[in-house]
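Trainee: Just dropping this structure here.
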Amino acid sequence: MSDTFRFARAILADRDVAAISPSSRFLVRRVLSRLDLRPGCRILEFGPGPGVITLPLLRRLPSDARLTVVEKNTDFAGLLRSVADKRLQVLEADARDSWDAALASLGGHPDAILASIPFTYLTPDERRQFVSQAYAQLPVGGRLVVFHQYSPLMYSYLKRVFGAARLSFEPLNILPCFVMTAVKR
Ligand SMILES: C[S@@+](CC[C@H](N)C(=O)[O-])C[C@H]1O[C@@H](n2cnc3c(N)ncnc32)[C@H](O)[C@@H]1O
């Protein structure tokens, strides 16, 4: 089954899926270009869906790296659990209350955090808490990459907590998507 069909089916049953189609290859490339994939690195991804970013990321990830993904949708989490890759850990959980479990599964602090959950569905307090947690868990030089359709909503949160953030835009996606990156200094 294609990811496009999976999304169409999933969003009918679960509004938190929040996208009518998976990220395009242009957006995947843009997001992955924000990462520094060094040997032994640890990456945390919130909202992987069926693995649109996860699978290309695994193809680039060094053999001793670790990737933990946190996905709330049962079908998507099940699909990711079927990926046979010892670097990948899948948590079926809500990004709002899974930090401890995610860090335990990762075996330490993440070097990068990716997030494509629908932040519009979170309250302003939950958005602030998410970005503050990300900041607290990243080492100096670590980065948070948020990609979000419709609006650069999270840009001001990233700037406030990290002190600075980079905003870019990928038009070749359904729907066009903002990519926001903040590095801990
Ligand atoms: C817009 S889709 C992005 C999917 C994929 N990363 C992509 O780039 O195509 C958002 C994903 O976040 C998941 N999600 C939504 N709210 C979540 C939450 N609070 N915690 C964890 N995952 C969540 C949805 O189930 C969905 O898979």
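Trainee: Just to be sure I understand, how many residues within the stretch 163-185 are in contact with a Pro (Cβ under 8 Å, 6 or more places away or on another chain) and assigned to a strand (DSSP E or B)?
Mentor: Total satisfying the criteria: 5.
Trainee: Being more than 13 Å from the ligand (Cβ to nearest atom) and farther than 22 Å from PRO139 by Cα narrows it down to one residue among ASP36, ASP85, ASP75, ASP14; which is it?
Mentor: ASP85
This table checks each residue for (1) of a type in the set (Lys, Arg); (2) part of a loop (DSSP other than H, G, I, E, B); (3) modelled with pLDDT of 95 or more; (4) within 17 Å of ARG34 (Cβ to Cβ).
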| position | (1), (2), (3), (4) |
| --- | --- |
| PHE130 | no, no, yes, no |
| ALA136 | no, no, yes, no |
| PRO139 | no, yes, yes, yes |
| LEU158 | no, no, yes, yes |
| VAL161 | no, no, yes, no |
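Trainee: Continuing with the same structure: Could you list, in sequence order, all residues of the stretch 58-74 that are surrounded by 15 or more Cβ atoms within 10 Å (Cβ to Cβ) and more than 22 Å from VAL131 (Cα to Cα)?
Mentor: The answer is LEU58, LEU61, ALA65.
Trainee: Could you look through the stretch 75-115, keep only residues that are among the acidic types (Asp, Glu) and over 22 Å from ARG30 (Cα atoms), and pick out the one that is surrounded by the fewest Cβ atoms within 10 Å (Cβ to Cβ)?
Mentor: The extreme case among them is ASP100.
Trainee: Working only within the stretch 47-68, note down all residues that are more than 9 Å from the ligand (Cβ to nearest atom) and touching a strand residue (DSSP E or B) at 6+ places or on another chain (Cβ under 9 Å).
Mentor: Selection gives LEU57, LEU58, LEU61, ALA65, ARG66, LEU67, THR68.
Trainee: Those residues that are out of contact with any helix residue (DSSP H, G or I) (no Cβ under 7 Å at 6 or more places or on another chain) and either free of Cβ contacts under 8 Å to residues at least 12 places away in the same chain or β-branched (Val, Ile, Thr) (or both), I need them from the stretch 16-42; list them, please.
Mentor: Across the stretch 16-42, the qualifying residues are ARG25, ARG29, VAL31, SER33.
Trainee: If I ask for residues that are among the β-branched types (Val, Ile, Thr), surrounded by 14 or more Cβ atoms within 10 Å (Cβ to Cβ) and more than 16 Å from the ligand (Cβ to nearest atom), which ones from the stretch 118-168 would you list?
Mentor: VAL161
The values are calculated or read from the model by the stated rules, or taken from the named source; none is laboratory data. The model shown is predicted, which means the values in this text are computed figures rather than measured ones. We place every Cβ from the backbone using ideal geometry, glycine too, and count neighbours over all the protein chains shown.
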